[in-house]
Amino acid sequence: MREVVHAHGHEHVAATHESTFEVTTDDWLTPAGDCIVGIDADRAPADFDDDFVAACRDPGSTITLTLEADGTVERVQARGHPDLTFESDRSAVVRTSTYADDRTVAVGADAAAADLDRDLIAALEAGADLTLTLTVE
């Protein structure tokens, strides 16, 4: 099963956070948002299909997050968690830790914002369109 989110880069995309990355429905970004890689997203976790959410709540599930912008593709592997609620109507956060709140869509990720391909981040900083595909197995 998969969910797709379309967002946009922004001049303040720095992607220096060492434990998370985030895509938000907000249409603005300040320099303090060092985990945010995409803004003005067309969907939030609250919009995801119930079956997808249920699959992500399985602690044995693998969640692959594919970020694509301006020809650069990055894949991040993460896990599901029983405490994932997918209730946020604002942002989707991927965490390297096991912390889960209403914004969290995956935990135990093998990369955070600071680890993402710098060509991808440069494209997003220049305002490129971002496609985030979440696939759960």
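What follows is calculated from the coordinates using simple rules that are stated; it is not laboratory data. Values in this document were obtained by computation on a predicted structure and should not be read as measured data. A quick note on method: Cβ atoms are made from the backbone with ideal geometry, for glycine too, and the neighbour counts reach across all protein chains shown.
A few points about this structure:
- The computed Rg and Dmax of the Cα atoms in Å for the structure shown corresponds, within [x] 13.3, 37; [y] 16.1, 52; [z] 14.9, 45, to [x].
- Among the chymotrypsin sites (Phe, Trp or Tyr not before Pro) in region 32-137, those located in a DSSP loop and surrounded by at most 15 other Cβ atoms within 10 Å of their own Cβ are 99.
- In a DSSP loop and with at most 16 other Cβ atoms within 10 Å, the GluC sites (Glu not before Pro) in region 42-98 are 87.
- Region 14-21 - phi-based ³J(HN,Hα) in whole Hz, Karplus 6.51/-1.76/1.60, Gly and Pro as x: 10, 6, 10, 5, 9, 9, 8, 9
- Evaluated with a Cβ-only charge set (Lys, Arg +1; Asp, Glu -1), the chain carries a dipole of roughly 340 debye about its Cα centre, given to the nearest 20.
- The phi torsions of region 69-80, fed into the Karplus equation with coefficients 6.51, -1.76 and 1.60 and a -60° offset, translate into couplings of 8, 6, x, 9, 10, 10, 10, 10, 9, 8, 10, x Hz, rounded to whole numbers, with Gly and Pro shown as x.
- In plain terms, the residue of 95, 57 with the fewest other Cβ atoms within 10 Å comes first and the most crowded comes last, giving 57, 95.
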